[in-house]
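Notes to accompany the following structure.
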Amino acid sequence: YDRVVFVGNVERSELTDFYQRASVFCLPSTYEGLPLAILEAMAAGLPVVSTRVSGMPEAVVEGETGLLVAPEDAGALARALARLLGDRDLQRRMGEQARARFERLFAIEGVAAKHFDLFQEIVSGREG
């Protein structure tokens, strides 16, 4: 790991290439909902380093799919990144678990199936 690249704004059509070339995904926000960027990174099989704010812990499971740090704690963020960048096995394990978590909880097929089940339950309740 000899470099970090800050690319700025990236066209949506280029994102897949960036995710494929990355080792780790980092989003050190101080405020977020549930960012699509984190879900995209998880879908690409990347371990995530992020802050423990808003919806981040709903997506990223500390120590399983990535590492979460306190917002605005640059030292903790640096240590989390160094930990992942220094351990390829940990990167691989967390990346695989991130992808599996994305597929289980956030992929469109699973979300659609959950909505369908909910609608079926509502309709069944009205009929009975």
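The values are calculated or read from the model by the stated rules, or taken from the named source; none is laboratory data. On a predicted model such as this, the values are computed, not experimentally measured, just so you know. Heads up, the Cβs are rebuilt from the backbone with ideal geometry, glycines too, and the neighbour counts pull from every protein chain shown. To get the accessible areas, we keep the full protein, side chains included, count just its heavy atoms, and leave off ligands, DNA and RNA. Shrake-Rupley method; radii C 1.70, N 1.55, O 1.52, S 1.80 Å.
Normalised by the number of residues in the chain, what is the relative contact order in percent for Cα pairs under 8 Å and 6+ residues apart? It rounds to 23 percent for the chain. Taking the protein heavy atoms of the chain in the context of the full set of protein chains, the accessible area attributed to carbon and sulfur is 53 percent at 1.4 Å. Each stretch of four or more DSSP H residues adds -39500 (n - 2.57); spread over every residue of the chain, this sum gives -16500 deg cm²/dmol at 222 nm.
Compactness ratio for the stretch 51-101: Cα radius of gyration over 2.2 N^0.38 Å (N = residue count) comes to 1.11. Each Lys and Arg adds +1 at its Cβ and each Asp and Glu adds -1 at its Cβ; summed about the Cα centre, the chain shows a dipole of about 300 debye.
Which value, in Å² and to the nearest 10, is the accessible area of residue 40 when all protein chains are kept and the probe is 1.4 Å? Its heavy atoms expose roughly 40 Å² to the probe.
Ratio of Rg to Rh for the stretch 1-71: 0.95 [Cα atoms; Kirkwood radius as inverse mean 1/r over pairs].
Could you do me a favour and compute the accessible area per residue for the chain, 1.4 Å probe, result in Å²?
65
Database remark: amide H of residue 69 closer than 5 angstrom to the amide H of 50, 51, 52 (H placed geometrically; neighbours at sequence offset of 5 or more, or on other chains; Pro and chain starts carry no H).
Length, then width, then depth: along the principal axes, the Cα atoms of the chain run 63, 31, 29 Å.
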